[in-house]
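Read through the structure below, which is laid out as structure tokens, and then see the notes.
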Amino acid sequence: MDSSLYVIILVLVIILALFLFAASSSKSISKRRRTEILNQLNDIKNNIGLDINSANRDSVVRLDSLLSKVLQVVKGNKLSCGENLKLIKNRVKKDLYNDIWEYHKLRNRIVHENIDVTAEEAKSAYSVYYKLITTLIE
């Protein structure tokens, strides 16, 4: 066989391997799971704005927990939310990525410092989490 044929075959094998690697690094979410996630988002949304501090705090923590689970499914791992956020940095618009990190840090402050959360903060957090989660499950 001609050496150029070997080179062509090698290039095709490399392209195929890269394609398979890219396809396996991101898992798809079933329609049933997608519906469950959207229902959970809706439940969280219904708790926001009750003007009860505990409901607002709980909403932000639940949003972050849901995002963590979605990231684990999408990435096919059991890493923490923060670790998985680092893995999707190039997949998400910069503004959304920065916003989600701010709300992830807010969640950490809620859990570790027992801070209060206003209805306005909870609504804003919901908007950002909703945007990222729905982007990831499409």
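The values are calculated or read from the model by the stated rules, or taken from the named source; none is laboratory data. Small disclaimer: the values here were computed from a predicted structure and weren't measured. Here Cβ is always computed from backbone atoms with ideal geometry, including for glycine, and neighbour counts include all displayed protein chains. Just the protein is used for accessible areas: all its heavy atoms, side chains included, with ligands, DNA and RNA removed. Shrake-Rupley method; radii C 1.70, N 1.55, O 1.52, S 1.80 Å.
So between residue 138 and residue 7, what do we pick up on full extension, going 0.36 nm a residue minus the alpha carbon distance? Before the final figure, lay out the partial values.
Details: separation 131, 0.36 × 131 = 47.16 nm, distance 3.78 nm.
Extra length available between residue 138 and residue 7 comes to 43.4 nm.
Full extension from residue 86 to residue 109: what is 0.36 nm times the residue separation minus their Cα-Cα distance, to one decimal in nm? Walk me through the intermediate numbers first.
Details: separation 23, 0.36 × 23 = 8.28 nm, distance 1.93 nm.
Answer, rounded to one decimal: 6.3 nm.
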Task: aspartates and glutamates whose Cα lies under 19 Å from that of residue 75, excluding same-chain neighbours fewer than 8 positions away - done: 36, 64, 83, 138
TODO: Starting from the Cα of residue 28, step 7 Å along the direction of its Cβ; do the same at residue 54; then give the gap between the two resulting points in nm.
DONE: 4.3 nm
Open item on the list: What's the whole-number percent of alpha carbon pairs in the chain lying beyond 22 angstrom?
Closed with: 46 percent
Task: Straight-distance crosslink candidates among aspartates and glutamates, where the alpha carbon sits under 14 Å from residue 94 and sequence neighbours closer than 8 are dropped - done: 102
Task: Residue of 33, 107, 62 that the Gaussian network model of the chain assigns the largest fluctuation, springs spanning Cα pairs under 10 Å - done: 33
Open item on the list: Per-residue counts of other Cβ atoms within 10 Å, averaged by peptide: what ranking do you get for 4-10, 99-105, highest first?
Closed with: 99-105, 4-10
TODO: Sequence neighbours fewer than 8 away in the same chain don't count; with that in mind, list the lysines whose C-alpha is under 21 Å from residue 78.
DONE: 27, 69, 86, 89, 105
TODO: Report, in degrees rounded to the nearest 10, the 0 to 90 angle that the Cα long axis of helix 119-137 makes with the longest principal axis of the chain.
DONE: 20 degrees
- [ ] Give me Rg over Rh for the range 80-138, both radii from the alpha carbons and Rh done the Kirkwood way, two decimal places.
- [x] 0.98
Task: Alpha-carbon centroid distance for the pair the range 45-87 / the range 99-133, whole angstrom - done: 9 Å
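So what is the relative contact order for the chain, in percent, with contacts set as C-alpha pairs under 8 Å and at least six apart? Walk me through the numbers on the way to the answer.
Working: 108 pairs, mean separation 44.9, N = 138.
Reported relative contact order: 33 percent.
When the accessible area of the chain is split by element with a 1.4 Å probe, what percent falls to carbon and sulfur?
Numbers: 4950 of 8860 Å².
Taking all protein chains in place, the chain shows 56 percent carbon and sulfur surface.
If you place +1 on the Cβ of every Lys and Arg and -1 on the Cβ of every Asp and Glu, how big does the dipole about the Cα centre of the chain come out, in debye to the nearest 20?
Details: 21 positive and 15 negative charges, 79 e Å.
Using only the charged Cβ atoms, the result is roughly 380 debye.
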- [ ] Report the net charge of residues surrounding residue 125, where surrounding means a beta-carbon distance below 14 angstrom and charges are Lys +1, Arg +1, Asp -1, Glu -1.
- [x] +1
